[in-house]
Structures are given as structure tokens and as C-alpha cells.
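> After the C-alpha cells below, expect a handful of questions from me.
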Amino acid sequence: MHADEVDIDAGIVRRLLATQLPRWAGLPLEPVLPWGTDNALFRLGEDLVVRLPRRERTVATLKKERRWLAKLGPRLPLAVPAPLAEGEPGEGYPFTWSVYSWLDGKTERVADEAQLADDLARFLAALQRIDPRGGPEPGEHNFFRGCPLELRDEQARASIAALASTIDADEAIAAWEAALRAPKWESEPVWIHGDLDTRNLLVAEGGLSAVLDWGSLGVGDPACDVMVAWKVLSRDARGEFRDALGVDDATWARGRGWALSQAVDALAYYTPETNAVLVDEASRWLAEVLADPD
């Protein structure tokens with residue numbers, strides 16, 4: 001998937017467990033597929049999951065995640081993974097790694113979109129109410145999620161240009177420039193997840209049950225979480241989500257811009273051979289954005 005990723009298999013994970021966390025070394029181990037964009041996951045027994053960075057850039061995100069999930073998790077209406085242990089480099093594997101609690105469920109679309117819109121709004125409202133003091137501002141640790149939208153301008157335009165033969169580049173540029181014209185976030189920064197989409201939302205018994213992958217967390221502009229409206233909801237449900245969360249016009253416009261920029265960046269970087277799941281998802285995000293000019 002990436003030129004700089006390391007190879008990880010069950011043998012390496014078993015050796016790491018045997019030498020560093022032997023109390024869990026005898027439990028059944030199986031990969032969780034498909035791989036995420038930056039981490040490999042292995043289910044360990046019934047109640048645990050081993051999470052290993054596949055790229056050096058991901059190490060800092062997991063270290064930060066382990067620190068802050070303990071503060072954020074108890075204040076949220078949906079479950080989040082609980083960090084249980086940290087491993088060190090070894091057995092030929094070069095990075096620190098983690099063991100988390102396993103959360104049952106599936107990453108799939110929710111049939112009741114009205115309920116999903118309400119659940120997402122309640123989750124984000126609760127996250128944004130948590131005191132942001134001391135939280136990490138946008139930076140490399142969270143891939144600059146929550147930063148001012150104009151900082152993504154050069155990359156977004158380059159991605160749109162690279163896709164000019166497969167998308168309506170003029171329409172995409174017009175939508176992007178409309179988002180850039182929206183007023184900046186001038187209020188205090190709030191907590192953000194930074195990567196809300198179907199791949200990181202866990203569904204159980206037909207409803208939203210947990211939020212996964214907090215490597216992009218930080219404090220900043222909430223528009224980068226509002227983009228979930230275009231990533232997982234239809235147009236009608238987007239309106240319900242917006243009303244429930246109370247999103248102002250400027251933040252809504254920037255959220256649409258975030259969704260567009262993430263879509264074109266993913267489509268310009270990945271292919272169906274390297275990450276078929278994300279290519280399919282990003283194509284859908286872009287279609288939703290361009291079909292909804294509001």
C-alpha cells in the first residue's frame with residue numbers, strides 16, 4: 001500500500017508477544033482484514049486486539065492515542081478501544097506497538113440513517129464538550145486534521161489535477177474554492193476525532209456502537225469531523241445531522257471542503273490494487289459532495 005511500510009505477519013506478532021507479553025502469548029491469533037492504511041490489526045483471543053504500525057509516521061499517532069483515550073473514552077456516549085499494554089521494538093519489528101480491548105461489531109452501513117445521524121451528532125456534541133485544554137493542536141501527529149482549510153489547498157488542487165481524466169475537475173475546483181471562501185473557525189478549538197467514516201464506525205445490532213482509530217485526534221476546527229455528513233449519510237440525513245449538532249453555515253461549508261479534499265487525495269494516491277476499500281469509499285464521498293452544493 002505504501003513504499004515505506006514494513007511487512008508484518010502472525011509469526012512476528014507471536015514472537016513479540018512471547019518475549020514481551022507472555023501472559024497472552026498462547027491465545028489464538030488471526031489477522032483482521034483488510035489492513036488499515038497505516039496499521040496492521042490481529043485479533044488476540046476473544047477480548048483483545050494487537051495494533052502494529054506499518055509505517056514510521058504512525059508511531060507518534062498511537063503514542064498520543066494511548067495517552068488521550070483514557071481521558072476521552074469515559075465521557076463519550078459510544079465505546080472506544082481501551083489501550084491495555086504497550087510493546088517495544090523487537091524480533092525484527094522496528095516500532096512500538098499496542099494491545100487494545102476488542103470491540104464486537106462490524107464496519108458497515110447503518111440502515112436507519114435518521115438514527116445514525118442522531119447518534120453521530122450526540123457523539124460529536126459530547127466530544128466537543130470535553131475541556132480541550134492541553135490537547136494536541138493539529139500537526140504531523142494527526143496529519144494536520146483540524147487545521148485551517150487553506151493549508152490543504154496546494155495538495156487538493158494537485159490531486160484534482162491528477163484526476164482530471166476521471167472526474168469533473170472544473171466542478172471539483174469550484175466546490176473546493178467555495179469551501180475556501182467560508183469564514184475561518186474563530187472560536188476556541190474543540191476535540192476532534194479527525195477520521196470519521198464507515199471504516200472507523202462500528203455497528204452492532206443495527207446501530208452505531210463504537211468509534212475506532214483515534215490516531216488523528218487533536219483539538220482544532222470541528223469542520224474536519226463535520227465532513228462525516230458527506231462520508232456516511234445521504235442528503236436527507238445530512239440535514240438531520242446538521243440540525244441535531246447545530247452546525248453553522250461556515251463550518252458546514254468547510255466540512256464539505258474537508259470531505260472533498262480527503263476524497264480527491266485518496267483517489268489520487270491509492271488504486272484498486274493498493275486499497276480497493278478506500279478507493280470505493282472515496283469515490284462515494286466525492287459523488288456525495290459534488291451532488292450536494294449546499
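The values are calculated or read from the model by the stated rules, or taken from the named source; none is laboratory data. None of the values given here were measured: they were computed from a predicted structure. Note that each Cβ is placed from the backbone with ideal geometry, even for glycine, and that neighbours are counted across all protein chains shown. With ligands, DNA and RNA removed, areas are computed over all heavy atoms of the protein, side chains included. Shrake-Rupley method; radii C 1.70, N 1.55, O 1.52, S 1.80 Å.
> I'd like to check one number: the per residue accessible area of segment 28-87, probe 1.4 Å, reported in Å² as a whole number.
With all protein chains present, segment 28-87 gives 46 Å² per residue.
> Taking 2.2 N^0.38 Å as the expected size of a compact globular protein, what ratio does the Cα radius of gyration of segment 175-294 give against it, to two decimals?
1.05
> How high is the relative contact order of segment 113-247, in percent, with contacts defined as C-alpha pairs under 8 Å that are six or more residues apart?
Averaging sequence separation for qualifying contacts and normalising by length gives 39 percent for segment 113-247.
> Using a 1.4 Å probe over the heavy atoms of the protein chains, calculate the carbon and sulfur portion of the accessible area of segment 188-264 as a whole percent.
Carbon and sulfur atoms account for 45 percent of the accessible area of segment 188-264.
> Right, another one. Roughly how compact is segment 131-229, stated as its Cα Rg over 2.2 N^0.38 Å to two decimals?
1.23
> Take ARG284 and ARG181, extend 7 Å from each Cα along the Cα→Cβ direction, and tell me the distance between the two endpoints in nm.
With each label point 7 Å from Cα toward Cβ, the separation is 3.1 nm.
> OK, next. On the accessible surface of segment 61-174, probed at 1.4 Å, how many percent belong to carbon and sulfur atoms?
The value for segment 61-174 is 50 percent carbon and sulfur by accessible area.
> Any idea what angle helix 153-162 forms with the longest principal axis of the chain, computed on alpha-carbon atoms, 0 to 90 degrees, nearest 10?
Around 90 degrees separate the two axes.
> Related question: Considering amide H positions built from the backbone, and no H for Pro or chain starts, which residues 5 or more places from VAL203, or on another chain, come under 5 Å of its amide H?
Amide H neighbours of VAL203, under 5 Å, 5+ apart: LYS106, THR107, GLU108, SER209.
> Measuring with a 1.4 Å probe in the full set of protein chains, what accessible area per residue, in whole Å², belongs to segment 147-262?
Per residue, segment 147-262 has 38 Å² of solvent-accessible surface.
> Same structure again: In degrees from 0 to 90, rounded to the nearest 10, what is the angle of the helix 57-72 Cα long axis to the longest principal axis of the chain?
90
> If you don't mind, there's one more thing I want to ask. Assuming R0 = 41 Å, what is the FRET efficiency of ARG109 and LEU84, from their Cβ-Cβ distance, to the nearest 0.05?
Between ARG109 and LEU84 the formula returns 0.85.
> Cross-link candidates for LYS64: which lysines have Cα within less than 23 Å, leaving aside residues fewer than 8 places away along the same chain?
By straight Cα distance, LYS64 reaches no lysines at all.
> Just need the Rg to Rh number for segment 26-82, please, alpha carbons only, Kirkwood Rh.
On the Cα set of segment 26-82, Rg over Rh gives 1.00.
> Sorted by mean Cβ packing within 10 Å, highest first, what order do the peptides 76-82, 257-263, 50-56 take?
257-263, 50-56, 76-82
> Please give the peptides 210-216, 31-37 ranked by average Cβ packing (other Cβ atoms within 10 Å per residue), highest first, as a rough proxy for protection.
Highest mean packing first, the order is 210-216, 31-37.
> So if I restrict to the alpha-carbon atoms in segment 100-140, what is the Rg, and what is Dmax, the biggest pairwise distance, in Å?
When restricted to the Cα atoms of segment 100-140, Rg and Dmax are 14.6, 38 Å.
> Between Rg and the Kirkwood Rh of the chain, both from Cα atoms, what is the Rg to Rh ratio?
My calculation of the ratio gives 0.96.
> Related question: Which peptide among 115-121, 202-208 comes first, and what is the full order, when sorted by highest mean count of other Cβ atoms within 10 Å?
Top of the packing list down: 115-121, 202-208.
> Any idea what angle helix 10-20 forms with the longest principal axis of the chain, computed on alpha-carbon atoms, 0 to 90 degrees, nearest 10?
For helix 10-20, the angle is close to 60 degrees.
> If one puts a single equal scatterer on every Cα of segment 18-144 and applies the Debye formula without solvent, what log₁₀ I(q)/I(0) results at q = 0.13 Å⁻¹?
Treating every Cα as an identical point scatterer, log10 I(q)/I(0) equals -0.66.
> Please tell me the relative contact order of the chain in percent, rounded to the nearest whole number, where contacts are Cα pairs under 8 Å and at least six residues apart.
18
> Taking 0.36 nm per residue of separation and subtracting the Cα-Cα distance, what length does fully extending ALA174 through GLN155 add?
Additional length available on full extension: 5.3 nm.
> Please work out the Kirkwood hydrodynamic radius for segment 182-241, using every pair of different C-alpha atoms, and report it in angstroms with one decimal place.
12.8
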